[in-house]
Amino acid sequence: MKKKRPEYRDLFPGALELMILKSLSWRPMHGYALAQRLTDISEDYLQIEEGSLYPALQRMLKAGWLETEMGLSARNRPVRIFKVTEAGRKHLEQELASVEKMFAGVTRVLALAGQ
Amino acid sequence: MNWLKQLFTRRRRYDELSESIREHLEEKIADLMDDGMTREEAEQAARRKFGNVTRIEERSREVWQWPTVESIVADLRFALRQLCKSPGFTATVVLTLALCIGANAVVFSLLNGLVLRPLNVPDGQNLYQVQVGKGHSPGMSYPDYIDLRDRNRSFDGLIAYEISTAGLDTDGNPSPVWLNTASGNYFDVLGVRPYLGRFFHSTDENGPNSAPYIVLSYAFWQSHFQSDTGVVGRTVRVNKFAYTILGVAPPGFRGTESFYTPAIWAPLVNQQQIEGSSNLDKRGSQGRWVIGRLKAGVTPAQAVEDLNSIGKSLAKEYPKEDEGISFSLARPGLAGDMLGGPVHAFIAGLMLLAGLILLAACANLGSLFSARAADRSREIALRLALGSTRGRILRQLLTEAVLLSLIGGAMGVAGSVVLLRWLSAWQPIPDMPINVTVHPDARTYIVSLLLALASGLLFGIVPVRQVLKADPYQGIKAGATELADGRRRITLRDVLLAAQIAVCAVLVTSSLVAIRGMERSLKSNFGFIPQNVMQVNANLNMAGYSGDQLPVMQKGILDAVKRIPGVTVAAYANRIPLNLGWSQNAVFLDSTTDYRMANKAAGAIEYDVSPGYFEAAATLLLRGRAFTWNDSKDVPRVAVVNQEFARKLFGSEEKAIGSFFKIGGGARVQVVGLVEDGKYGTLSEDPKPAMFLPILQSPSNAMWLLVRSNLSSQEVGPSLERTLHALDPGLPFTINTWERELGTALFAVRAASMALGVLGGLGAMLALTGIFGVAAYSVSNRLRELGIRIALGARRREVLRAALGRVFRLLAAGSMVGLLLGIAATKLLSFIVYQATPRDPLVLAGVVLAMLLLGLLATWIPAQRALSIDPLILLREE
């Protein structure tokens, strides 16, 4: 009974995971920093509850794409840092490739559809 | 083992998750406070931005959970809460299931104990009872047994044994014990190891009376020797002869019959000393039961072939006794097919009935559940509207059903264990160790669990379609109206109710047939009148009398008893009718000269009786004369025969008197009297030929004394006891009223009637609640319609017809089907019940009446409710 969570009105399934993976592979972060980063880079385009990151993070931990370790926050507090694993990196590469292909296809169709 | 690791790390994961979320919020709050908010404002804003913490945590955790198991736990919790909310409903369901599953557990344990479970010896499933002839009789002659034992190639060993009694004297006070006389290889072939000492073996057998040894059963050792380990080697007296105790059998070994527990075992070769006479050398004397252990790799069919080829050569060698002899195999434990046939049929019938009852209960509970689902239609609609899936709701309903069925099943099994303990300890027949161990074992529990689960799923699934079709919008708009479409002509619920009524009718029919049959057997002519007769069973052999001493002592006892005040008439016989066992002997026409079995004119039941027997037993003498003390060894042999005997041998009753016939060996016997037919072996038997011979001409050490008196048994009993004890203090005997002794013969019928009665009562109760449920539901669903009808001027009868017509039509249809099925089922009953016939106007009327009564009883309250509808109130509510 996998239901689509109404919180992520994603562009496509897996988009949130992809963004998380990409962000974390740039730099391991804790939850709050990740949420801030996602809002910043999307320039408020993605209006999501910060909390809804967590189910996604847990899914990714379970899939073995992420791992946690203790680290320090910007305020020097001990926090749990999410880090991309080797498997996560591979998954990201694969997904990016297929997403690029999909976008290329969609762009092409959109360009030609009106003619 | 990944899941196992997950299980242990999960708690840590949850903690980490909570920590992460807390850290997240703390960071955010700190940031917001930097922007100038107060702590309180910042906290609120952070939480607003984060979303519902609890829900997010829960959803995050779900990632780690096994969706099914954990949500089932949640379902269970919810189900428990729901059930606690409606205790009446819960109690009804649990009680119904407890009764029905309990009944099934009991019947299954019977099946398990009597039929399924092999003998409690190593590799018991390889043991087979060897039966003789087309009649599948378990009895075999000793010489035939020896030939089979030595010539067969299919068995690792063949044992022979007999059930018998002997007087055992361990402390100067002899008392009768029940034992098995067994062939020397008995324990070795069965593969039983002694608990103490040793057993006897084939090597101990060296001709008649060569092995004066006994082996004690564990229970007898405990009760009579206080578990004294020093008994091995001790000498005791068996019928006054010195015997040595060899050893004690292990606790779990109760012999080879599932209904009989011997106290001791003794070698068969000592039959002469133990039974007072021996027929081991007579090929025509049957009576040994034979069990064989099949060789590995040999099928029963091959073994039968092997045995029959030996049978063919035996027939050639001994045409007189063994002509046409054939063998067959059966499961041991119930005297082969003799008891096994009817017992199997009866238990199969019971199992079927119990199953049907459970099915009826499921139908019933199915209705209850769908009524409940209808009552909860608003709740279900709400949950659907809130986004729950139908699958989720169904699982919830099923969880509730299975939970209930498991609770009910557990209670039922607990009850059945109590009942089975009692049954296992029950000795239905006085003075004989007849009892059946039906202790529940793992199989019983597994079957009960499966039955509980299956029934839970079965009745839980009834409301499924209702839920699947539910429309949340309608449900919420219209309030609690019915979800099912009431206009369909025949609903599933109707079918269920009709089926249930049919099952109930089957049960009522068969229990009425059984009860009528029992009543008929009690009223039928036994050929004797047991009322006001005391019977004394004494075995003179046990007190050491033999040969010519026997008639003298027996006459002495009789004379002493006759002098007891209040005794009107007394007599004795070697056995009495309707007791355990009977002896059937071949008789020949006077013209026959070749006395082989195939030439016999009939098999007649033989009683050796003293003068006065017919008077004491109150058997009607129709023609001729009874015996006198002059019918002794010195005069030609005479006999009194019954009507069936006369018809069979001489063609008519008139021709019998004065005619001659021959008994085994060719002795000529003249018929001097004719008595009425009676019951000899069982109550349900067809008329059988019987002959009565003067006891002086065929003496016996077995003595059944019949004492008819005009005083009560309490008065005569003690004086009888004193008289006998005065004659010989060393004579073991038992005293009983003949009526009580008849309990033996009535046992099967009583057991059958009782079982059917209980099941019938259960079935009726279920039908009652079932009809009530449906009727009540039908009325409450149509309250508005009925109210309008009343407002428009409908009369009481019309209202009732509208409200309950359907229920009564179902009742009629179900009863008809049930009656027909019941009539078919009574064929099974005719094995046990005397003249079991459903074509008995009383039975038919009884069934119709019972069902009608049930219907009226069950619909009484709903009918009252339908009639008391006040249309004004109903219409105001609209």
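The values are calculated or read from the model by the stated rules, or taken from the named source; none is laboratory data. Only a predicted model underlies this, so the values are computations on that prediction, with no experimental measurement involved. Here the Cβ positions follow ideal geometry from the backbone for every residue, glycine too, while neighbour counts run over all protein chains shown. Note: accessible area is taken over every heavy atom of the protein model, side chains too, but ligands, DNA and RNA are not part of it. Shrake-Rupley method; radii C 1.70, N 1.55, O 1.52, S 1.80 Å.
For region B:233-282, a residue qualifies if it is part of a loop (DSSP other than H, G, I, E, B), in contact with a Phe, Trp or Tyr (Cβ under 7 Å, 6 or more places away or on another chain), farther than 22 Å from B:SER202 by Cβ and not small (Gly, Ala, Ser), and exactly one does: B:PRO251. Where helices (runs of 4 or more DSSP H) fall entirely within region B:8-116, those with at least 1 residues that are within 30 Å of A:ARG77 (Cβ to Cβ), aromatic (Phe, Trp, Tyr) and within 14 Å of chain A (Cβ to nearest Cβ) are at B:39-50. Within region B:285-319, restricting attention to residues that are open to solvent by less than 40 Å² (accessible area, probe 1.4 Å) and part of a loop (DSSP other than H, G, I, E, B), which residue is farthest from B:SER154 (Cα to Cα)? The selected residue is B:SER285. When region B:300-321 is filtered for residues that are at pLDDT below 80 and among the acidic types (Asp, Glu), only B:GLU321 remains. Is it true that B:LEU727 is buried (at least 20 other Cβ atoms within 10 Å of the Cβ), at pLDDT 80 or above and under 23 Å from B:GLY167 (Cα atoms)? Here the answer is no, as B:LEU727 does not meet what is asked. Among helices (runs of 4 or more DSSP H) entirely within region B:682-783, having at least 1 residues that are farther than 27 Å from B:VAL513 by Cα singles out B:713-727, B:743-781.
Across region B:167-180, not a single residue is classified as over 18 Å from B:LEU216 (Cβ atoms), open to solvent by 10 Å² or more (accessible area, probe 1.4 Å) and touching a helix residue (DSSP H, G or I) at 6+ places or on another chain (Cβ under 9 Å).
On the phi > 0 side of the Ramachandran plot and either outside any helix (DSSP H, G or I) or modelled with pLDDT under 75 (or both): is that true of B:GLY340 in this structure? Considered against the rule, which asks whether it is on the phi > 0 side of the Ramachandran plot and either outside any helix (DSSP H, G or I) or modelled with pLDDT under 75 (or both), B:GLY340 comes out as no.
Give the residues of region B:85-132 that are touching a strand residue (DSSP E or B) at 6+ places or on another chain (Cβ under 8 Å) and open to solvent by 10 Å² or more (accessible area, probe 1.4 Å), sorted by residue number. Listed by number, the residues that qualify are B:PRO118, B:LEU119, B:VAL121, B:ASP123, B:ASN126, B:TYR128, B:VAL132.
Taking the listed residues B:GLY172, B:GLY233, B:GLY191, the one that is free of Cβ contacts under 8 Å to residues at least 24 places away in the same chain and farther than 30 Å from B:ASN585 by Cα is B:GLY172, with no other qualifying. So, in region B:381-394, of the ones that are within 13 Å of another protein chain (Cβ to nearest Cβ) and in contact (Cβ under 8 Å) with a residue 60 or more places away in the chain, which residue ends up most open to solvent (accessible area, probe 1.4 Å)? For region B:381-394, the residue satisfying everything is B:ARG390.
Only residues that are surrounded by fewer than 18 Cβ atoms within 10 Å (Cβ to Cβ), touching a helix residue (DSSP H, G or I) at 6+ places or on another chain (Cβ under 7 Å) and modelled with pLDDT under 85: list them for region A:38-65, please. Hits for region A:38-65 are A:LEU46, A:GLU49.
Summed over region B:850-865, the residues that are at pLDDT 80 or above and surrounded by 13 or more Cβ atoms within 10 Å (Cβ to Cβ) give a count of 10.
Screening B:ARG198 with (1) surrounded by 16 or more Cβ atoms within 10 Å (Cβ to Cβ); (2) touching a Gly at 6+ places or on another chain (Cβ under 7 Å) gives one miss only, at (1). Number of residues in region B:637-660 that are under 16 Å from B:PHE614 (Cβ atoms) and more than 42 Å from the chain's Cα centre (by Cα) equals 3.
Quick check, is A:ARG9 closer than 27 Å to B:TYR14 by Cβ and either at pLDDT below 90 or out of contact with any Pro (no Cβ under 8 Å at 6 or more places or on another chain) (or both)? No; evaluated as a whole, the condition is false for this residue.
Given the condition of a type outside the set (A, V, I, L, M), under 30 Å from B:GLU741 (Cα atoms) and open to solvent by less than 10 Å² (accessible area, probe 1.4 Å), answer yes or no: does some residue in region B:652-661 qualify? No, that holds for no residue. Exactly one residue out of B:ARG575, B:ARG647, B:ARG623 is in a helix (DSSP H, G or I) and basic (Lys, Arg), and it is B:ARG647.
Across region B:681-697, the number of residues qualifying as at pLDDT below 85 and farther than 19 Å from B:ARG647 by Cβ comes to 3. Contact annotation: residue pairs with Cβ atoms under 6 Å, 6 or more positions apart or on different chains, pairing a residue in region B:395-414 that is farther than 17 Å from B:GLY88 by Cα with a partner that is of a type in the set (Asp, Glu), are B:GLN396/B:ASP75; B:THR399/B:ASP75. In summary, B:TRP66 fulfils each of the numbered conditions (1) more than 39 Å from the chain's Cα centre (by Cα); (2) modelled with pLDDT of 80 or more with the single exception of condition (2). Summed over region B:783-801, the residues that are without any contact (Cβ under 8 Å) to a residue 24 or more places away in the chain and either closer than 26 Å to B:PHE369 by Cβ or open to solvent by 50 Å² or more (accessible area, probe 1.4 Å) (or both) give a count of 8.
Of the residues making up region B:21-46, just one is open to solvent by 10 Å² or more (accessible area, probe 1.4 Å) and in contact with a Gly (Cβ under 8 Å, 6 or more places away or on another chain), namely B:GLU23. Of all residues in region B:210-260, which are open to solvent by less than 10 Å² (accessible area, probe 1.4 Å), within 19 Å of B:THR165 (Cα to Cα) and among the aliphatic types (A, V, I, L, M)? Residues satisfying the conditions are B:ALA211, B:ILE214, B:VAL215, B:LEU216, B:VAL236, B:VAL238, B:ILE245, B:VAL248, B:ALA249.
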